[in-house]
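The values are calculated or read from the model by the stated rules, or taken from the named source; none is laboratory data. Because the structure is a prediction, the values reported are computed rather than measured. Every residue, glycine among them, receives a Cβ derived from its backbone with ideal geometry; neighbour counts consider all protein chains shown. For accessibility, only protein heavy atoms count, side chains too; no ligands or nucleic acids. Shrake-Rupley method; radii C 1.70, N 1.55, O 1.52, S 1.80 Å.
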Amino acid sequence: MKNWELVCGLETHVELATKTKIFCSCTTEFGGEPNTHCCPICIGLPGTLPKLNKAVVEYAVMAGLATHCEINPDAKMDRKNYVYPDLPKAYQISEYDQPLCRNGYVELSNGRKIRLARIHIEEDAGKLVHERGNTLVDYNRGGVPLIEIVSEPDIRSIDEAVEYLEKLQTIMRYIGVSDCKMQEGSLRCDVNISVRPAGSDKFGTRTEIKNMNSFSHMIKAMEYEMERQIDLLESGEEVVQETRRYDESTGCTEGMRGKEDANDYRYFREPDLVAIRVTPEMLEEIKARMPEDLQARYNRFVKDYGLPEADAKLILEHRRIADYFEKAAAGIKNPRTVANCITGPIFARLATEAEKADFNVPVSAENLNALVKLLDEGKIRMNLLKSTLEKMLDTGKPASEFLSEKDLAGISPDELRKICEQAAADNPNAVKDYRAGKEKALKAVLGAVMKATRGRANPQEAEKILAEIMSN
């Protein structure tokens, strides 16, 4: 495979987080009994007329701004004609030659920019359910608003494809236009893939792998499809332009149909909808609602708060967590302590990405801030902070409910020495081992000191005193 280069572009469908569908007032809520979230408009009954949901346009513009796109002031909707069982009208209302957003990019960690050709809005189709040899259709998803983010064929490795999609997912969640839950179909992508001899600037024949809705499946599908195409070319055969699907049971891709081109869809302007006008005033109002640029905030978390890059990335995966961190870190000497509380004990109680996205934790940012300030002021030590935080997470009560005046009073040097002397007397074998050169024995006695003081002792000071006592 070293003699071949991957050429890849992704068409990513993002389900927008509006309360109602794109052309009617039906709910977009996930689930529900089959065919209960639909009406004559979204099942395409004759004589019905669509009405464009303004929030869909605003969310698409937000997505464009967050990915450095040019916003088209004059856009329109088009009919994309094709007959699938899950599309009852036999056409999809989408955008063709005048999309809302053009010419953006997503920057990868290696500095490469994956260019975006366009972001356009469209309606989702229904869902086919295959049971016992029968095919059933659930139209609940039909008419749910989507944006389709179409990249240029700039991706050159599977790792880049994964990072690109992860960044898109993070950006869309961060600006609040979608929850991007792949397990619910809120984020899925079609992978356009071809290979060419290393060093060549000519594109090969591409195939499209449809509806990838997990990172692990996407990786396996791309690996298989690369090998399949390379095997064909090295055997003197040709790659056929087609649409394929990934079969997770076999780990293979398999052909579905010939790959369509734009003229196969017979696009024409949607006659039942007026043109879309994004006025300068509307654009400025949307810009004012946008959160701080994600990359700029990431850079600020690393520079101003001193967070490691990995921690900054974890905290910024969901905007609610990032906002919580900033409130909790206000006025704190070492904001990394707050980050550790979030990525450690708090994240340990959030088992899924959905729970992290909701971030309904019983400890408010203000109460976490008050707890960490006690550490800053030297009134408590780290192990007492950790144990107190666990109690706060269990009950939702503030730190003051669990810390007594004695806990906050600290320990005088004389009192600490007495406790260290007692701990050494209680552990004669450890003292003997330490004097024999086994330095780790001191740690066992230090543990006894920390237990006796309920974590209030300064471990560095206690270790110095113990070393003096146990050496004599």
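Being aliphatic (A, V, I, L, M) and either more than 20 Å from the chain's Cα centre (by Cα) or open to solvent by 40 Å² or more (accessible area, probe 1.4 Å) (or both) is the filter here, so list the residues in segment 331-364 that pass it.
Of everything in segment 331-364, those that are aliphatic (A, V, I, L, M) and either more than 20 Å from the chain's Cα centre (by Cα) or open to solvent by 40 Å² or more (accessible area, probe 1.4 Å) (or both) turn out to be Ile332, Val338, Ala348, Ala351, Val363.
Are any of the residues in segment 302-317 under 16 Å from Leu389 (Cβ atoms) and of a type outside the set (A, V, I, L, M)?
No - not one qualifying residue is present in segment 302-317.
Determine if segment 360-373 includes at least one residue that is free of Cβ contacts under 8 Å to residues at least 24 places away in the same chain, closer than 23 Å to Glu326 by Cβ and of a type outside the set (Phe, Trp, Tyr).
yes
Got a sec? Which of Leu10, Leu100, Leu65, Leu52 is farther than 30 Å from Ile158 by Cα and aliphatic (A, V, I, L, M)?
Going through Leu10, Leu100, Leu65, Leu52 in turn, just one is farther than 30 Å from Ile158 by Cα and aliphatic (A, V, I, L, M): Leu52.
May I ask you to list the residues in segment 41-65 that are open to solvent by 30 Å² or more (accessible area, probe 1.4 Å), more than 30 Å from Asp293 (Cα to Cα) and either among the small types (Gly, Ala, Ser) or under 28 Å from the mean Cα position of the chain (by Cα) (or both)?
Gly47
Please enumerate the residues belonging to segment 109-151 that are at pLDDT 95 or above and either in contact with a Gly (Cβ under 6 Å, 6 or more places away or on another chain) or among the hydrophobic types (A, V, I, L, M, F, W, C) (or both).
If the condition is that a residue be at pLDDT 95 or above and either in contact with a Gly (Cβ under 6 Å, 6 or more places away or on another chain) or among the hydrophobic types (A, V, I, L, M, F, W, C) (or both), then Ile114, Leu116, Ala117, Ile119, Ile121, Glu123, Val144, Leu146, Ile147, Ile149, Val150, Ser151 are the ones that fit.
Out of the residues in segment 97-121 that are buried (at least 19 other Cβ atoms within 10 Å of the Cβ) and over 23 Å from the mean Cα position of the chain (by Cα), state the one that is farthest from Val177 (Cα to Cα).
Pro99
Scan segment 235-266 residue by residue and report those that are assigned to a loop (DSSP other than H, G, I, E, B) and more than 34 Å from the chain's Cα centre (by Cα).
Ser235, Gly236, Glu237, Glu238, Val239, Val240, Arg266
Taking Leu87, is it crowded, with 21+ Cβ neighbours inside 10 Å and either over 20 Å from Asn140 (Cα atoms) or modelled with pLDDT under 95 (or both)?
no
Can you name the condition, by its number, that Gly437 falls short on among (1) part of a helix (DSSP H, G or I); (2) free of Cβ contacts under 8 Å to residues at least 12 places away in the same chain; (3) farther than 22 Å from Ala339 by Cα; (4) of a type outside the set (A, V, I, L, M)?
With respect to (1) part of a helix (DSSP H, G or I); (2) free of Cβ contacts under 8 Å to residues at least 12 places away in the same chain; (3) farther than 22 Å from Ala339 by Cα; (4) of a type outside the set (A, V, I, L, M), Gly437 is out only on (1).
Scan segment 191-208 and give yes if some residue there is under 26 Å from Asn140 (Cα atoms), touching a Leu at 6+ places or on another chain (Cβ under 9 Å) and surrounded by fewer than 21 Cβ atoms within 10 Å (Cβ to Cβ), otherwise no.
Within segment 191-208, not a single residue is under 26 Å from Asn140 (Cα atoms), touching a Leu at 6+ places or on another chain (Cβ under 9 Å) and surrounded by fewer than 21 Cβ atoms within 10 Å (Cβ to Cβ).
For segment 151-174, indicate whether the set of residues that are closer than 30 Å to Lys287 by Cβ, part of a loop (DSSP other than H, G, I, E, B) and within 19 Å of the chain's Cα centre (by Cα) is non-empty.
No, segment 151-174 contains no residue that is closer than 30 Å to Lys287 by Cβ, part of a loop (DSSP other than H, G, I, E, B) and within 19 Å of the chain's Cα centre (by Cα).
Just the residues that are on the phi < 0 side of the Ramachandran plot, open to solvent by less than 50 Å² (accessible area, probe 1.4 Å) and in a loop (DSSP other than H, G, I, E, B), please, taken from segment 1-40.
Leu16, Thr18, Lys21, Ile22, Phe23, Cys24, Cys26, Thr28, His37, Cys38, Cys39
List every residue pair whose Cβ atoms sit under 8 Å apart, with the two residues 6 or more apart in sequence or on different chains, where the first one lies in segment 276-293 and is among the basic types (Lys, Arg) and the second, anywhere, is part of a loop (DSSP other than H, G, I, E, B).
Arg277/Pro73
Mind telling me which of the residues Asn360, Asn383, Asn429, Asn369 ends up being out of contact with any Cys (no Cβ under 9 Å at 6 or more places or on another chain), polar (S, T, N, Q) and modelled with pLDDT of 95 or more?
Of the residues listed, the single one that is out of contact with any Cys (no Cβ under 9 Å at 6 or more places or on another chain), polar (S, T, N, Q) and modelled with pLDDT of 95 or more is Asn369.
Residue by residue, here is whether (1) in contact with a Gly (Cβ under 7 Å, 6 or more places away or on another chain); (2) open to solvent by less than 90 Å² (accessible area, probe 1.4 Å); (3) at positive phi holds:
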residue	(1), (2), (3)
Arg228	no, yes, no
Val239	yes, yes, no
Thr253	no, yes, no
Asn263	no, no, no
Ala275	no, yes, no
Leu283	no, yes, no
Leu294	no, yes, no
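Quick test for you: out of Ser194, Ser235, Ser200, Ser178, pick the one residue that is closer than 21 Å to Thr352 by Cα and of a type in the set (S, T, N, Q).
Only one candidate passes the filter, namely Ser178.
Under 6 Å by Cβ, and 6 or more places apart or on different chains, what pairs join a residue from segment 157-168 that is within 20 Å of Asn3 (Cα to Cα) with one that is open to solvent by 40 Å² or more (accessible area, probe 1.4 Å) and part of a helix (DSSP H, G or I)?
These pairs meet every condition: Ile158/Ile219.
Return the residues of segment 312-328 that are open to solvent by less than 40 Å² (accessible area, probe 1.4 Å) and within 14 Å of the chain's Cα centre (by Cα); say none if nothing qualifies.
Ala312, Ile315, Leu316, His318, Ile321, Ala322
With respect to Met218, determine if the residue is open to solvent by less than 20 Å² (accessible area, probe 1.4 Å), touching a residue at least 12 places away in the same chain (Cβ under 8 Å) and under 29 Å from Asp323 (Cα atoms).
So Met218 fails the test.
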